[in-house]
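Enquirer: There's a structure below that I have some questions on.
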Protein chains: 2
Amino acid sequence: MIGAGIKRGTAELAVLSVLEDGPLHGYELARRIEQQTKGALRFTLAALYPMLYRMEQRRWIRGAWETSDNGRRRRCYRLTPAGKKKLSPLRQEWSELFQALRRLKKVAHA
Amino acid sequence: MIGAGIKRGTAELAVLSVLEDGPLHGYELARRIEQQTKGALRFTLAALYPMLYRMEQRRWIRGAWETSDNGRRRRCYRLTPAGKKKLSPLRQEWSELFQALRRLKKVAHA
DNA sequence: CTTTACATGTAAGATTCTTATATATGAAAG
DNA sequence: CTTTCATATATAAGAATCTTACATGTAAAG
């Protein structure tokens, strides 16, 4: 059955997907998600930061403080091997959710 | 942007979709959702009943007590016109969510 | 009689996401 | 130079959804 966490938790997939392309800090992550979905998906930073923290606890991502060129302190997150491994079954589950919802529509007037 | 309620709330779409086919009571609704999604989506009745109540408050469905052939008391829900109207923009939003996630990275066979 | 299927609910709790608030620096505009 | 905008991180309070566990009762089947 499709896991409980999958039905909400769009953000989790979004973060892992974007981080797959390379390490990023929170602020930029939020912008990428918005850009890459053409504004369809938007997460406020207040939603994002606690989630990054949770994902770090689960060892899916690892954060490290760094100082950018312009002297700003920021926390840069990268996927861990565990996070990479998580991604493909996660996508699989999402795919199954899509299918399930599509079936409901079809069968609903079959 | 995709509404906050859409990212969770699979159940809402599922219930409305199944009720589109005709009036049903809660217990049977749960079974239909499970059957029609081939077991991929399952909602416990404990999740379903409070939701049916909420949806009735919003006037998307209307419940009526009836007595079945075998003398059992049960609450039969049907879509209201408002509920029917809700369905198509709801599906539209879901469709946009799928698209957005696919854009982030290819989700297995979209 | 005892278990399984039918049928409805409540309670406690975890999790996720929202808005609002707080802090602080660098760069650009006036 | 000083206000404002973009960068950057974070917490708090609260709404909404979904989970497990609990509670109740009838009917049919073995």
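The values are calculated or read from the model by the stated rules, or taken from the named source; none is laboratory data. Everything numeric here is computed off the predicted structure, so don't read it as measured data. Glycine gets a Cβ as well: all are built from the backbone with ideal geometry, and neighbour counts include every protein chain shown. Just so you know, the surface numbers come from the protein's heavy atoms only, side chains and all, with ligands and any DNA or RNA stripped out. Shrake-Rupley method; radii C 1.70, N 1.55, O 1.52, S 1.80 Å.
Enquirer: Take the conditions under 18 Å from B:ALA11 (Cβ atoms) and exposed (fewer than 15 other Cβ atoms within 10 Å of the Cβ) and apply them to B:ARG58. Does it pass?
Expert: Spelling it out, B:ARG58 is indeed under 18 Å from B:ALA11 (Cβ atoms) and exposed (fewer than 15 other Cβ atoms within 10 Å of the Cβ).
Enquirer: May I ask you to list the residues in segment B:17-39 that are within 12 Å of DNA strand D (Cβ to nearest atom) and at the interface with another protein chain (Cβ under 9 Å from one of its Cβ atoms)?
Expert: Correct list: B:ILE33, B:GLU34.
Enquirer: Another question, then. Which of the following residues is in a helix (DSSP H, G or I), within 16 Å of DNA strand D (Cβ to nearest atom) and open to solvent by 50 Å² or more (accessible area, probe 1.4 Å): A:GLU66, A:GLU93?
Expert: A:GLU93
Enquirer: Test of understanding: among B:LEU52, B:LEU16, which residue is more than 10 Å from DNA strand C (Cβ to nearest atom) and either surrounded by 12 or more Cβ atoms within 10 Å (Cβ to Cβ) or under 14 Å from the mean Cα position of the chain (by Cα) (or both)?
Expert: It is B:LEU16.
Enquirer: A:ALA46 versus (1) within 15 Å of DNA strand D (Cβ to nearest atom); (2) closer than 21 Å to B:ARG103 by Cα; (3) within 14 Å of another protein chain (Cβ to nearest Cβ); (4) free of Cβ contacts under 8 Å to residues at least 60 places away in the same chain: which is the lone unmet condition?
Expert: (2)
Enquirer: Take the residues in segment B:19-38 that are open to solvent by 50 Å² or more (accessible area, probe 1.4 Å) and assigned to a helix (DSSP H, G or I), then tell me which one is nearest to DNA strand C (Cβ to nearest atom).
Expert: Checking each candidate, the answer is B:TYR27.
Enquirer: I'm told B:LEU41 meets every condition in (1) part of a strand (DSSP E or B); (2) modelled with pLDDT under 95 except one. Can you identify the failing condition by its number?
Expert: (1)
Enquirer: Do we find that B:LEU41 is within 25 Å of B:ARG8 (Cβ to Cβ), under 12 Å from the mean Cα position of the chain (by Cα), open to solvent by less than 100 Å² (accessible area, probe 1.4 Å) and not aromatic (Phe, Trp, Tyr) in this structure?
Expert: Judged against the criteria, B:LEU41 is a match.
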